[in-house]
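FYI, it's all coordinate maths here, none of it is from the lab. Model, not experiment: these values are computed from the prediction. All Cβ positions, even for glycine, are placed from backbone atoms using ideal geometry, and neighbour counts span all protein chains on display.
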Amino acid sequence: MAGDILQRFITYTLNIKHLSPLTHLSNLIPSSLPSPRPTVAASRVPSLFREPYILSGYRPVKQDWRCYLLSVFQRHNESLNVWTHILASVVLLLRWWANVGILGYTLDAAFLPLILFLVSSLSYMFLSVTAHLLQSHSEHAHYFFFFMDYVGVALYQYGCSLGHYFYTSEPAWRESSISLLFLPRAAFFGWLSCAGCCFAKFRYQRPYPLQRKICQLIPTTLAYLLDISPVIHRLFTVSWTHEPSQLFHALQIASFLLSAVFFSFPIPECFFPGHCDFVGQGHQIFHVFLSLCTMFQLEALFQDYAKRRDMVVEVFGKRQLWWACVSFPALFTCCILTALITMRHMKKQLWQNKSSK
């Protein structure tokens with residue numbers, strides 16, 4: 001069933017360019033509400049909003065906030081970045097309720113890491129949708145919403161580490177040196193990812209130099225290598241015939257690696273400037289593969305939980321489970337503070353730039 005849903009999701013996403021009704025959906029907006037203005041060429045918006053090789057489809061800045069909210073029904077160069085995560089959130093919730101219906105719902109310590117994984121997944125998708133939908137309002141909005149987006153990334157990384165640690169890890173891995181202080185290190189690397197992305201966004205201006213991508217990728221790579229280590233260990237040490245979740249774990253790794261490629265490089269638009277303005281941008285493909293990664297993770301973790309839920313409290317103890325879960329809002333608080341402090345410095349810089357003109 002999951003495969004059918006994912007296939008439909010991919011088919012819908014890849015064929016959305018044929019849905020010219022997206023432009024007609026704006027006709028459903030009541031006349032009392034402001035209507036988003038038509039999209040413009042890259043030369044008509046400030047350089048901050050211009051993406052390499054994307055020559056048109058930009059929403060004009062300084063419109064009413066409601067125009068950007070309603071632009072969810074407008075055809076522009078951020079449409080797919082918004083809809084990929086909206087659709088993925090819906091599919092994620094449907095699969096969640098289907099799995100909960102099969103396994104039965106029990107709000108106990110053993111179930112909490114799975115709940116936090118769902119919360120972290122929906123958080124990064126929601127914050128990503130918000131950033132791509134509202135960032136075109138102004139330079140201030142652009143920076144603020146993308147700083148919040150980085151908070152969602154950190155939460156998702158830690159949510160993954162909770163699921164992998166409590167449901168996927170094998171005894172041999174838990175006895176290894178890498179498991180020592182695994183969750184505190186995962187939380188630290190999650191915060192470091194947020195801080196690194198915020199710093200890179202604050203420090204480097206367009207056209208972005210290579211150093212910006214390095215500041216983003218190094219902490220997120222370190223976080224991923226740590227978070228995925230229990231899964232890698234099990235894939236290479238446990239028979240796939242005895243663990244049905246192995247296939248989903250392998251698919252989530254493959255999806256993540258593909259998403260990393262499209263996040264790191266502006267492909268395929270660098271080969272077809274102006275032809276991927278609405279559909280086919282590397283960042284859109286990154287969203288699709290990251291969404292697939294999250295869906296595969298959910299399926300894998302539900303299967304791992306179903307097989308090991310009676311052992312989770314016995315192996316880890318309620319105290320460790322509760323402390324691990326309490327650290328989730330603590331990480332959220334640290335990341336929010338980091339984003340807000342960076343935004344404070346960013347506001348000063350924007351004011352100075354405006355004063356010098």
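May I ask you to compute the full-extension gain from Lys62 to Glu314, defined as 0.36 nm times their residue separation minus their alpha-carbon distance, rounded to one decimal in nm?
Extra length available between Lys62 and Glu314 comes to 85.1 nm.
Just tell me which aspartates and glutamates come within less than 17 Å, Cα to Cα, of Lys62; anything on the same chain fewer than 8 places away is out.
Filter leaves Glu78, Glu139.
Taking R0 as 35 Å, what FRET efficiency do you get between Tyr204 and Val90 from their Cβ-Cβ distance, rounded to the nearest 0.05?
According to the calculation, E is roughly 0.50.
Of Leu222, Gly280, Phe302, which is farthest on the positive side of the dipole of the range 179-317, counting Cα position, with +1 on Lys and Arg Cβ, -1 on Asp and Glu Cβ, and the Cα centre as origin?
Of the options given, the answer is Leu222.
Hey, rough spin-label estimate for His345 and Leu103, points 7 angstrom out along Cα→Cβ, what's it come to in nanometres?
The answer from the label model is 4.1 nm.
Can you compute the helix-only [θ] at 222 nm over the chain? Use -39500 (n - 2.57) per DSSP H run of at least 4 residues, normalise by all residues, nearest 500 deg cm²/dmol.
-23500 deg cm²/dmol
I want the local charge near Gln246. Using Cβ-Cβ distances under 15 Å, sum +1 for each Lys or Arg and -1 for each Asp or Glu among the other residues.
Neighbour charge sum, excluding Gln246 itself: -1.
Among [x] 62, 44, 41; [y] 100, 57, 36; [z] 56, 50, 44, which is the computed Cα extents along the principal axes in Å?
Recomputing Cα extents along the principal axes in Å here picks out [x].
Counting only pairs 8 or more places apart or on different chains, how many lysine pairs in the range 77-356 have C-alpha atoms closer than 28 Å?
Pairs that pass both the separation and distance tests number 8.
Taking 0.36 nm per residue of sequence separation and subtracting the Cα-Cα distance, how much length would be gained by fully extending the chain between Ile336 and Ser355, in nm to one decimal?
Full extension from Ile336 to Ser355 adds 4.0 nm.
Counting other C-beta atoms within 10 Å, and keeping those with at most 12, which DSSP coil trypsin sites (Lys or Arg not before Pro) do you find in the range 51-81?
Within the range 51-81, the qualifying trypsin sites (Lys or Arg not before Pro) (loop, at most 12 other Cβ atoms within 10 Å) are Lys62.
Take the alpha carbon gyration tensor of the range 243-343, find the square roots of its eigenvalues, order them as a ≥ b ≥ c, and report rounded if a/c is under 1.5; if not, report prolate when a/b exceeds b/c, else oblate.
It is oblate, given that a/c is not under 1.5 and a/b is not larger than b/c.
Around Cys160, what is the net charge, scoring Lys/Arg as +1 and Asp/Glu as -1 over all other residues with Cβ under 13 Å from its Cβ?
-2
Tell me the chymotrypsin sites (Phe, Trp or Tyr not before Pro) within the range 68-166 that lie in a loop according to DSSP and have at most 13 other beta-carbon atoms within 10 Å.
Listed in order of number, the matching sites are Tyr105.
Where the only charges are on Cβ atoms (+1 Lys, Arg; -1 Asp, Glu), what is the dipole of the chain about its Cα centre, to the nearest 20 debye?
That gives the chain a dipole magnitude of about 1340 debye.
Taking the Cβ of Leu103 as the center, what net charge do the other residues with Cβ under 14 Å away carry, scoring Lys and Arg +1 and Asp and Glu -1?
Every neighbour counted, the sum reads 0.
Given +1 on the Cβ of Lys and Arg, -1 on the Cβ of Asp and Glu, and no further charges, what dipole in debye does the range 198-357 carry about its Cα centre, rounded to the nearest 20?
Dipole magnitude for the range 198-357 comes out near 1060 debye.
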